[in-house]
C-alpha cells in the first residue's frame, strides 16, 4: 500500500486503505455516541473528517513505560481507531517511527516548522526536572527543553496517560527525578489530560476526533479531562453497584462473595473515587474491565493514585504510613504515646487538685479517703 | 486520590486519633484519681454487694421514672432514639466496621446498607428534634451553652456528610467522603474536651454514685 501523503484528505486515505464508507460512517456514529453527541452529529463528523487534510501530530515520549502507546496500537487490529490513528500525519514518534537519530529529529523540526500553530502535540510520560533534567535526554536536550520547544508551535497539547497528565509513577513518593506533569510546564496552550494507566484507546481517539471535527477541545473536568469520558465514577456505572448498596462485599479474593461477584469495595476498590469510562467502554474491544475480572479498581486515572494508600486497603480505612494501610500496630504507635502523655497530664492534674484540696482540708479540718 | 481525601484519612486522622487518646486519658485520670470524701456513715453492705447494687441502680435509674414520665418521656425518648441510631449506624455499617477493623484488628457482621440508610435518616430527624426542643424550652435554653450546640453540630455534621456520601448527594463522592472523614476528625478532636466526654463518664460516675449510696444503705 502506498504511503499516504500529506496533501490527501482523510477520506482519500481511508478509501486507499480499503475502508468502506459504511465502516467509516459506523465509526463516526459510534464516536459521536461515545462523545454524547446527537445521532446526526455522526454524519456531520464523517463529512468533516473525510474532507480534512491529514492533521499533523507530534508524539513525544518522556518518563513512561510505553503502555499508553501499546494500549493504542495493540487494541484489536485492525480497529477503526487504529486506522484513524494511522491516517493522521504522525510526524514524530520515537517509538513507532522508522527513522532514528538526526533523521528523526529533522522530521520533527520540519513538521513543526511547516505546521506551526496547527499541529497537535501528544505527550506521553512525566517530565523529570531534577538535576537539570538529566534523567531524560534526547538529541542532547532535556525533556523539558524538548517539550517547551514543541509546545510553542502546537495548537493544543494532549497529555496521554496518568504520567503525562498528573505525574503518575515517576512523581510518586519520593519522586527521585523531580518529575512534573505536562500541565505544570505548558501553561500558555490548551492542555487536555487523557489519564489512565493506560487510558482506554477509544478515549484517546475520541478526544482526537472531537478536536478535529469540532475544532476545539471537549469540555473538561476539574482535572483537565474530557468530561464526556471522565464525568462518571467507576462506582456509579459499575455493574456490581447493587451489591454495594445491599452491603454484600467480597472479603477475600476466593471467598463466596468473590465467587458470587459481590462488590470489591472491601478489597480496596477505588471505583467510588475514580472517574473514567472503564465501566462503560470497557477494554479489549468491549470485553470487560478490571472489576469484571474480579480485581478492584486501582484508581489509575486519578492524580496521585500511587500515593493514595494500598491498592487493597478499603477507602474507609485511614491512610497510614508509607504502606498506606491502617493496621492496629501502626495505630498503636500513634495512639499509645498520645494516651501515655494524656495519662501523665491527667494524673498530674489530679495530684495537683488533691494537693490543693489537702491544703484547704487542713485549713478547715476535713478528711478524705 | 483527591488531596483533601488523602489529608482527611491520612495526617488529619492521625492527629485526631492522637488528640482523642491524649484527651480521653487526661480527662479520665484527672477525675478518677481525685480524692473522694470519706463516708462517715457505717457501711450497711460489703463492697461487692454495694458495687452490684450500685451497678443495678445505675441501670434502673437510667429509665424514666413512672411519676415523671409524662414530663420527661418525650425528651428521654428522643435522647435514647438518636443514641441508639448513632450506635447502630456507627457500629453496624459495613464501611465503618472496616474502619474499626483497621484500628483494632477484628471485624463483625454488618447490617444491609439500605437499612443503615433508613436508620441514619431517622437519627438525623431525631437530632433535629433534639435541637428544636433545646431552643424551644426556656429552661433548657438557659442551661445550654456553646458546648451543647457545638457538640450537636459536630455529631449532626458527621451524620449529614455520611448520608450525603452514601447517597452521592451534593458533589463528587471523593469530596463528600473527605468531608465526612474530616467531620469525624473534628468530632474526635473535640470529643474529650466537651460534653461528648459523657460517653466515658456517664456509667462509671453512675456506678460510683450507686456504690456510695449502697454502702450507706441508700440505694434501692
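Of note:
- The single residue among B:146, B:93, B:100, B:150 that is at negative phi and out of contact with any helix residue (DSSP H, G or I) (no Cβ under 9 Å at 6 or more places or on another chain) turns out to be B:146.
- Unmet criterion (only one of (1) within 14 Å of chain A (Cβ to nearest Cβ); (2) modelled with pLDDT of 85 or more) for residue B:51: (1)
- Residue ranges of helices (runs of 4 or more DSSP H) in segment A:68-156 with at least 3 members at pLDDT below 85 and over 22 Å from the mean Cα position of the chain (by Cα): A:80-87
- Unique match (being assigned to a helix (DSSP H, G or I) and in contact (Cβ under 8 Å) with a residue 60 or more places away in the chain) among B:135, B:155, B:139, B:130: B:155
- Selection from segment B:4-18 of residues that are facing chain A (nearest Cβ under 7 Å) and part of a helix (DSSP H, G or I): B:5, B:6, B:9, B:13, B:14, B:17, B:18
- Pairing residues of segment A:324-341 that are facing another protein chain (nearest Cβ under 8 Å) with residues that are at pLDDT below 80 and not in a helix (DSSP H, G or I), at Cβ distances under 8 Å and at least 6 apart in sequence or on separate chains, gives A:325/A:309; A:326/A:318; A:326/A:319; A:326/A:320; A:327/A:320; A:331/A:318; A:331/A:320.
- When residue B:218 is tested against (1) modelled with pLDDT under 90; (2) assigned to a helix (DSSP H, G or I), exactly one condition is not met: (2).
- Per the listing B:54, B:73, B:85, the residue uniquely closer than 28 Å to residue B:187 by Cβ and either more than 20 Å from the chain's Cα centre (by Cα) or assigned to a helix (DSSP H, G or I) (or both) is B:85.
- The residues of segment B:79-100 that are away from chain A (no Cβ under 14 Å) and crowded, with 17+ Cβ neighbours inside 10 Å, listed by number, are B:81, B:82, B:85, B:86.
- Looking at segment A:188-300, the helices (runs of 4 or more DSSP H) lying wholly inside it that each contain 2 or more residues that are under 20 Å from residue A:166 (Cβ atoms) and more than 13 Å from chain B (Cβ to nearest Cβ) sit at A:201-214, A:227-230.
- Looking only at residues in segment B:25-43 that are assigned to a helix (DSSP H, G or I) and within 7 Å of another protein chain (Cβ to nearest Cβ), the one that is nearest to residue A:273 (Cα to Cα) is B:25.
- Here residue A:172 fulfils each of the conditions (1) touching a residue at least 60 places away in the same chain (Cβ under 8 Å); (2) closer than 18 Å to residue A:195 by Cβ; (3) crowded, with 24+ Cβ neighbours inside 10 Å apart from (3).
- Residue check, residue B:12 under 30 Å from residue B:121 (Cα atoms), surrounded by 17 or more Cβ atoms within 10 Å (Cβ to Cβ) and modelled with pLDDT under 90: no
- Options A:201, A:190, A:272, A:218: the member that is in contact with a helix residue (DSSP H, G or I) (Cβ under 6 Å, 6 or more places away or on another chain) and under 17 Å from residue A:59 (Cα atoms): A:201
- Among the residues of segment B:101-127, those identified as surrounded by fewer than 17 Cβ atoms within 10 Å (Cβ to Cβ) and part of a helix (DSSP H, G or I) are B:104, B:114, B:115, B:118, B:121, B:122, B:125.
- Residue within segment B:61-68 that is closer than 28 Å to residue B:155 by Cα and in a helix (DSSP H, G or I) present: no
The values are calculated or read from the model by the stated rules, or taken from the named source; none is laboratory data. Everything quoted here is computed from the prediction, not taken from an experiment. FYI the Cβ positions are ideal-geometry reconstructions off the backbone, even for glycines, and counts take in every protein chain you see.
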